[in-house]
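To keep things clear, I will list the structure first and then write my remarks on it.
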Amino acid sequence: MIRVNSRSERFAWLGELMMNLANWITAFRILLALLCVGILFWNIPARDLLAAIIFIIAGLTDGLDGHLARTRKEITAFGKSFDPFADKVLIILTIVVLANLNRLPWAAVWIIIGREVLITVLRYFAGKKGLSVAASPWGKLKTFFQIIAVSLVMLDQFIPFPLGIWVLWFAVFLTVWSGIDYLWLWRAAFIQGSKESFSAK
């Protein structure tokens, strides 16, 4: 969560967004997510293929913005807060639309949304306690398979068997497991009452 205490700090925060390439890519990911779901509702030729391409490009930006921020030494408070938010918008918005179109099971959608809401709430309280939260391997892995699964579902007309749904349920398993991993680390960190880092995304 970003706290802005003065007018100068507000302008400094805005400058982070305006002058940082990694942050622009993060913001672009949200625009791509909106474009992707909009296309899914259009009755146009190759609709699913176009939506899948845009979604995959948006997914690739997830790793790109973080890489640029690290290599260019442009890690900012805005980026730390907005990058996980952009990931959630991309995944949740797309799976809700696909479920609404009867292409995904709502059970999987609610599990993914529930996990993200829980982790977001815990992140907030962790921040209030001064505990830093980094991305864990499990969190990164579940995001990767969520992107793969959603892409395959959008391309299901080109695949003779429900591969996308199979991968989706594996992604749901990783979603639940990474949530459990986060809860365990969160519990340990709060019990210790220290300011050590623990991981989740």
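The number of residues in the range 156-201 that are part of a helix (DSSP H, G or I), modelled with pLDDT under 65 and crowded, with 18+ Cβ neighbours inside 10 Å comes to 1. Scanning the range 108-134 for residues that are modelled with pLDDT of 80 or more, surrounded by 14 or more Cβ atoms within 10 Å (Cβ to Cβ) and among the β-branched types (Val, Ile, Thr) yields Val109, Ile111, Ile112, Ile113, Ile119. Applying the set (1) loosely packed, with under 12 Cβ neighbours inside 10 Å; (2) over 17 Å from Asp83 (Cα atoms) to Pro137 leaves exactly one unmet item: (2).
The values are calculated or read from the model by the stated rules, or taken from the named source; none is laboratory data. In this text, all values refer to a predicted model and were calculated from it rather than measured experimentally. As a convention, Cβ positions derive from the backbone with ideal geometry for all residues, glycine included, and neighbour counts pool all protein chains shown.
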